[in-house]
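Only one structure is covered here, and it is reproduced in the block below.
The values are calculated or read from the model by the stated rules, or taken from the named source; none is laboratory data. Fair warning: this is a prediction, and the values are worked out from it, not measured in the lab. Cβ: placed from backbone, ideal geometry, glycine included. Neighbour counts: every protein chain shown.
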Amino acid sequence: MENLGIMRNIWKKIKDYYNSHIWCSLGVVILICCALFGAISQMYLKRSFTDYLTDNTIHAEEVILDVLTENIATSVKQVTDICYEAAIDDEIRQLAEQIRQNPGNSHLNLMMEEKLNIYAHYSKWILGICISDEEQIYYQYDKKQKSIRIWDEKEFDTLVNITQELSHKMKNGEMPKIIVTLKQNRYPDQEQHRIFHISVPMIKRGVYNQTPIILTMTVNTEFLEDAVSGIYQSNEGVASGYLLNENGIYVYHSDPELMGTQRVESIATSSLLQLQKPLGELGWILCIDIDKEQLLGRVDSIYANGMVMMIAATVVVIAAMIMIIWKVILKPLRVLIKGIATTGKEQGKSLITIDGGNEVWQVASEFNDMIVSLEKSNREAMEYYQQRVVALKRQRDAEREALESQINAHFICNTINVINYEAIDAGNHKVSELLKRLSNILRYTFDQKHQRVFFYQEILWVEQYLYLQKTRFEDLFDYRIDFNAKIQGWPCRKLMLQPFVENSIIHGLAERKHGGRITIEGKAVDPECIRIVIADNGKGMSPEAEEKIQYVLKHPYKPAPAGLGIGISNVVARIYDFYGSDTSIILENKPGKGCRFIFTLYQREEER
């Protein structure tokens with residue numbers, strides 16, 4: 001009886017507490033509703049949840065597939081663009097041809113290494129660059145500088161096959177002119193590094209009927225691993241990703257042993273869902289396989305845990321509802337509103353102190369990022385404005401200097417014309433003739449708009465220049481110009497012959513008092529080639545001077561040796577720029593008898 005009385009007292013207390021606290025009634029109602037809802041929905045909730053999770057998984061993997069496809073395509077395009085850029089580099093192609101003609105030349109190899117080193121460091125994924133043809137490997141650069149090369153004699157047949165395939169593509173006009181190979185897909189001495197190779201032809205522009213020199217770039221597959229790993233991280237055990245080429249060969253797979261092998265289709269089952277998307281010009285395909293059986297197993301586990309969690313959460317939610325609303329929702333909202341209100345009033349002090357990780361705090365964090373980004377944009381805009389002000393000031397200064405130069409040129413020429421009229425009035429026709437020629441020379445020289453002229457203009461200028469120099473030095477020298485009329489319409493760079501003519505007068509004939517002779521001859525070798533000879537009968541050049549001039553003629557784009565003026569060095573570079581790399585300038589020096597400069601110039605491609 002005593003125990004019964006105790007139980008009645010306990011029950012009475014519970015009943016009183018229930019009647020005096022509204023959350024208890026609310027909790028009981030919610031628990032009853034949840035129980036009824038669970039009982040009613042148990043029949044179809046699992047199936048609905050399965051369909052929902054499946055659809056969301058497929059949608060998520062499709063989004064991942066789109067993002068990864070774009071990321072991988074961008075990375076691959078960056079590497080292929082570098083490969084194309086290196087393949088069309090004239091200096092690399094010329095070095096390759098020189099190495100073929102002079103194998104073992106350490107200087108050429110060093111120059112090639114410097115060029116390839118530049119391109120290899122454009123991307124951290126590029127491990128090496130090889131230049132070869134059907135017969136030999138000209139040079140191969142390895143970023144890690146190992147003693148064991150990527151391409152050895154055993155793998156040379158692969159390069160030969162690539163060369164033949166590219167040659168076939170070029171002859172048949174097939175696009176794209178690029179080949180990706182997965183043979184030799186392990187990095188020497190570092191088996192953990194998987195690699196592939198991109199090959200493109202290196203040929204002269206417009207020449208497609210010959211076996212090309214090929215440039216093969218070796219690329220690390222780590223960027224593929226970084227990208228494809230996102231598939232496993234999102235749905236481990238459910239989704240798997242891999243990369244195939246157009247022939248169904250694995251370019252990348254999580255199992256390294258499958259890379260470079262042919263994909264074998266497994267027995268078709270209804271539990272496997274495949275998603276695919278092409279990557280672009282290389283013909284690669286990014287694939288994601290979703291295992292529905294694994295997905296259903298995950299659904300069962302999630303559903304069982306979810307039911308337990310749902311019941312427990314229902315009880316907890318009722319008790320914590322008010323506290324959550326007050327502390328978790330209202331507090332960060334108040335902080336966010338306060339931060340927005342102070343934005344712009346105290347620059348650099350309007351960032352919100354983050355005190356949580358829910359969605360509202362995430363919005364606050366995004367707000368902080370926006371403020372930082374705006375401040376950065378403001379700084380960049382200010383810097384850009386300052387740079388533009390400086391650039392505009394420099395542009396105005398340059399325009400003013402150009403205008404002053406033009407005014408000075410007009411002033412000088414007009415002044416000479418006035419003096420010429422005075423000379424004519426005084427009957428001094430020789431002085432008048434000299435002034436006319438000097439005025440013509442200055443107008444031709446001062447004209448900055450026309451740097452591309454024709455040989456008849458250049459020869460006319462040189463003849464007037466020689467006339468004035470002969471008048472100045474009297475009996476020191478005579479000159480003869482024999483320039484074939486057929487080539488006087490060829491284009492040339494203005495003042496390209498003057499430094500060589502001046503060299504003959506100032507240096508070649510320096511020790512003579514009379515009897516000097518300068519000849520300028522020009523004739524056509526064939527319809528697309530002309531030869532110009534500038535010769536004198538002076539003292540010739542010393543061995544030191546000849547050595548410096550020969551260096552400049554062979555290396556037109558390198559700095560001139562010490563002690564040599566910039567006149568000939570600059571004009572040689574301008575001639576090569578204008579007529580192309582096939583240009584030839586030869587110096588024939590005979591001490592005590594004079595020297596000759598022989599120019600062999602080929603018609604520019606756009607003039608043909």
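Just to be sure before I move on: is THR269 of a type in the set (Ser, Thr, Tyr), modelled with pLDDT under 75 and surrounded by fewer than 14 Cβ atoms within 10 Å (Cβ to Cβ) in the structure I sent? Answer is yes for this residue. Among the residues of region 552-574, those identified as at pLDDT 85 or above and either closer than 19 Å to SER504 by Cα or surrounded by fewer than 12 Cβ atoms within 10 Å (Cβ to Cβ) (or both) are VAL552, LEU553, LYS554, VAL571, VAL572. If the condition is being in contact with a helix residue (DSSP H, G or I) (Cβ under 8 Å, 6 or more places away or on another chain) and among the hydrophobic types (A, V, I, L, M, F, W, C), then region 426-459 contributes VAL431, LEU434, LEU435, LEU438, ILE441, LEU442, PHE446, PHE455. Of all residues in region 454-481, exactly one satisfies the criterion of being β-branched (Val, Ile, Thr) and surrounded by 20 or more Cβ atoms within 10 Å (Cβ to Cβ), namely VAL462. Within region 215-260, the residues that satisfy the criterion of being of a type outside the set (Ser, Thr, Tyr), modelled with pLDDT of 80 or more, within 22 Å of ARG149 (Cα to Cα) and out of contact with any Leu (no Cβ under 6 Å at 6 or more places or on another chain) are LEU215, MET217, VAL219, GLU222. GLU474 meets the stated requirement of being free of Cβ contacts under 8 Å to residues at least 12 places away in the same chain and either farther than 26 Å from GLU91 by Cα or in a loop (DSSP other than H, G, I, E, B) (or both). Within region 125-159, restricting attention to residues that are basic (Lys, Arg) and in contact with a strand residue (DSSP E or B) (Cβ under 8 Å, 6 or more places away or on another chain), the residue that is nearest to LEU110 (Cα to Cα) is LYS143.
Looking only at region 293-304, decide whether some residue is at pLDDT 70 or above, among the hydroxyl-bearing types (Ser, Thr, Tyr), not in a strand (DSSP E or B) and not assigned by TED's automatic domain parsing to the domain that holds PHE223. Yes, the conditions are met somewhere in region 293-304. Quick check on region 48-63: of everything there that is out of contact with any strand residue (DSSP E or B) (no Cβ under 8 Å at 6 or more places or on another chain) and touching a residue at least 60 places away in the same chain (Cβ under 8 Å), which residue is surrounded by the fewest Cβ atoms within 10 Å (Cβ to Cβ)? That would be ALA60. Screening region 493-608 for strands (runs of 3 or more DSSP E) wholly inside it with 2 or more residues that are closer than 23 Å to TYR456 by Cβ, touching a residue at least 40 places away in the same chain (Cβ under 8 Å) and β-branched (Val, Ile, Thr) returns the ranges 516-526, 529-536, 594-602. Taking the stated definitions as given, is ASP142 under 25 Å from PRO188 (Cα atoms), charged (D, E, K, R) and crowded, with 19+ Cβ neighbours inside 10 Å? Criteria met by ASP142.
Of all residues in region 123-165, those being of a type in the set (Asp, Glu) and under 15 Å from ASN220 (Cα atoms) number 1. Filtering ASP66, ASP90 for residues that are in contact (Cβ under 8 Å) with a residue 12 or more places away in the chain, within 23 Å of ILE285 (Cα to Cα) and among the acidic types (Asp, Glu) leaves a single hit, ASP66. Scanning region 170-185 for residues that are touching a strand residue (DSSP E or B) at 6+ places or on another chain (Cβ under 8 Å) and at pLDDT 80 or above returns MET170, ILE178, ILE179, VAL180, THR181.
Scanning region 111-158 for residues that are under 19 Å from the mean Cα position of the chain (by Cα), among the β-branched types (Val, Ile, Thr) and part of a helix (DSSP H, G or I) returns a single hit, ILE118.
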